[in-house]
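Trainee: First, the structure itself, so that you have it in front of you.
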Amino acid sequence: MSLITRCTNPSLATTGGGIVNGYNGFLPIAVFTRLKNSAAGAPAGFERRERVAHGAGECAHGPYGVTVQLLLVRHALPLRSEHGQGSDPPLSDDGLRQAARLPDALARFPITRVVSSPQVRAAQTAAPVAEALGLSVQIDERLAEYDRDMAHYIPIEQIAAENPAELARLMAGHLPSAVDEAAFLQRVGDALDDLLASAAHEETVAVFSHGGVINAVLHRVLGTERLLSFHVDYASVTTVLSSRTGRLAVAGVNATEHVWDLLPRHRPS
């Protein structure tokens, strides 16, 4: 069974499954335990109980037996690339501004290692944090997005007008039809396993990757029915904890308070 945490503060917006957008790790939370006996094909059942927790940040390791804290950061807003230009564009001006806010946003976490997808938009997002901490950025090829071999990159905000059928597929929780979902889940899972196995005791690792990669991790931890179950904003932070026994828990999803005003959905068209 998997542990999901949800902030009980009603002023914060929530996504499906009881996960918080904007959870900062220091508020009273409700704990949801996924029931083992949920019927096949039926929505997952959850048992709810209250507690006060330090689910993330500098207090995460001690009270709950956490040995590794993973901060999964989605890359900031990139430029669009056209057909034939590949799917690895650099950050846009707004993306650079989003990335520049991450060192302060993550300052409360005792980060000891910075790991990134090989794609430019992820590595550029990682760079300000690594520089602020005096750390190098370690590249893991397996953290690349499912689109890495495609001929172009279109930010999801633009897909609705240009390819509504593809957007509908993504909204239904599936990867693009050209992508091997099983192979994608396997390589992301292998990267996660190796990252946890190589982490030191009570280590906090900042991992810069992509919306699909973060959803793949959440899918594995929570056993979600769909692969793409969560909206993950640009430069958002999702926190996954690993206990001394290897149990994984999700302490927060899609924290965006540090870039709220720079997100495309909150800016005038």
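Trainee: Given the criterion surrounded by fewer than 23 Cβ atoms within 10 Å (Cβ to Cβ) and either over 16 Å from the mean Cα position of the chain (by Cα) or of a type outside the set (D, E, K, R) (or both), identify the matching residue among V259, V250, V221, V240.
Mentor: That would be V221, the only listed residue that is surrounded by fewer than 23 Cβ atoms within 10 Å (Cβ to Cβ) and either over 16 Å from the mean Cα position of the chain (by Cα) or of a type outside the set (D, E, K, R) (or both).
Trainee: Every residue in the range 180-200 that is open to solvent by 60 Å² or more (accessible area, probe 1.4 Å), more than 18 Å from V240 (Cβ to Cβ) and either of a type in the set (D, E) or touching a residue at least 12 places away in the same chain (Cβ under 8 Å) (or both), please.
Mentor: D180 - this is the single residue of the range 180-200 that is open to solvent by 60 Å² or more (accessible area, probe 1.4 Å), more than 18 Å from V240 (Cβ to Cβ) and either of a type in the set (D, E) or touching a residue at least 12 places away in the same chain (Cβ under 8 Å) (or both).
Trainee: Something else about it: Cβ-Cβ under 9 Å, sequence separation 6+ or interchain: first residue in the range 94-105 and closer than 16 Å to G134 by Cα and open to solvent by 70 Å² or more (accessible area, probe 1.4 Å), partner modelled with pLDDT under 95 and part of a helix (DSSP H, G or I). Which pairs?
Mentor: Every condition considered, no pair remains.
Here is a yes/no grid of residues against (1) under 25 Å from P103 (Cβ atoms); (2) at pLDDT 95 or above:
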| residue | (1), (2) |
| --- | --- |
| V188 | no, yes |
| L192 | yes, yes |
| E202 | yes, no |
| A206 | yes, yes |
| T224 | no, no |
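The values are calculated or read from the model by the stated rules, or taken from the named source; none is laboratory data. Source: prediction; values computed, not measured. Cβ: placed from backbone, ideal geometry, glycine included. Neighbour counts: every protein chain shown. The area values use the complete protein model at the heavy-atom level, side chains included, leaving out ligands, DNA and RNA. Shrake-Rupley method; radii C 1.70, N 1.55, O 1.52, S 1.80 Å.
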